[in-house]
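The structure appears below as structure tokens.
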Amino acid sequence: QVQLVESGGGLVQAGGSLTLSCAASGRTFSSYFLGWFRQAPGKEREFVSAISWDGVTTNFADSAKGRFTISRDNAKNTVYLRMNSLKPEDTAVYYCAADVGYFGIDPTRYQYWGQGTQVTVSG
């Protein structure tokens, strides 16, 4: 069982940066693959980025490539999403997700989810 709590969202101007954090409970955090998703009003939840259990392999949506960075600190049971050059279209609720064997783009494949944190980018 893993419980995930996101933080770090907020209001930022276009071109600005934010770092989201996702703190996890549980002693087996290092065994989980972790992903970030986002959902804007009226839209489906979409993949943003994911990272393997050891932090070696990462995936990014095309919209995030070159602007976002994902990392994890297994000693702190935390995964981070650094977002640079933010655009108004990045406005959404951002969710952290975990799974023991999957870190792809399909949200239905992730077993655990956080409650989300709002990111609003003003133009």
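In this calculation the C-beta distance from Ser30 to Ser122 is compared with R0 = 41 Å, giving a FRET efficiency of 0.65. Fully extending the segment from Glu89 to Lys65, taken as 0.36 nm per residue of separation minus the present Cα-Cα distance, adds 7.2 nm. The HN-Hα couplings worked out from phi for the range 45-52 by the Karplus form 6.51 cos²θ - 1.76 cosθ + 1.60 (θ = phi - 60°) are 5, 10, 5, 10, 6, 8, 9, 6 Hz, whole numbers, x standing for Gly and Pro. If you take the beta carbon distance between Ser7 and Thr108 as r and set R0 to 30 Å, what does 1/(1 + (r/R0)^6) give as a FRET efficiency, to the nearest 0.05? Computed FRET efficiency for Ser7 and Thr108: 0.75. When the alpha-carbon atoms of the range 81-122 are used, the pair Rg, Dmax equals 12.3, 37 angstrom. Three semi-axes describe the equivalent ellipsoid of the chain; taken as square roots of 5 times the Cα gyration tensor eigenvalues and ordered largest first, they are 22, 14, 13 Å. The lysines within cross-link reach of Lys43, meaning a Cα-to-Cα straight distance under 21 Å and a gap of 8 or more places when in the same chain, are Lys65, Lys87.
We did not get these values from a lab; they are worked out from the coordinates using the rules stated. Bear in mind that the values here come from a model prediction, so they are computed numbers and not experimental data. In this analysis, Cβ positions are derived from the backbone assuming ideal geometry, glycine residues included, and neighbour counts consider all displayed protein chains.
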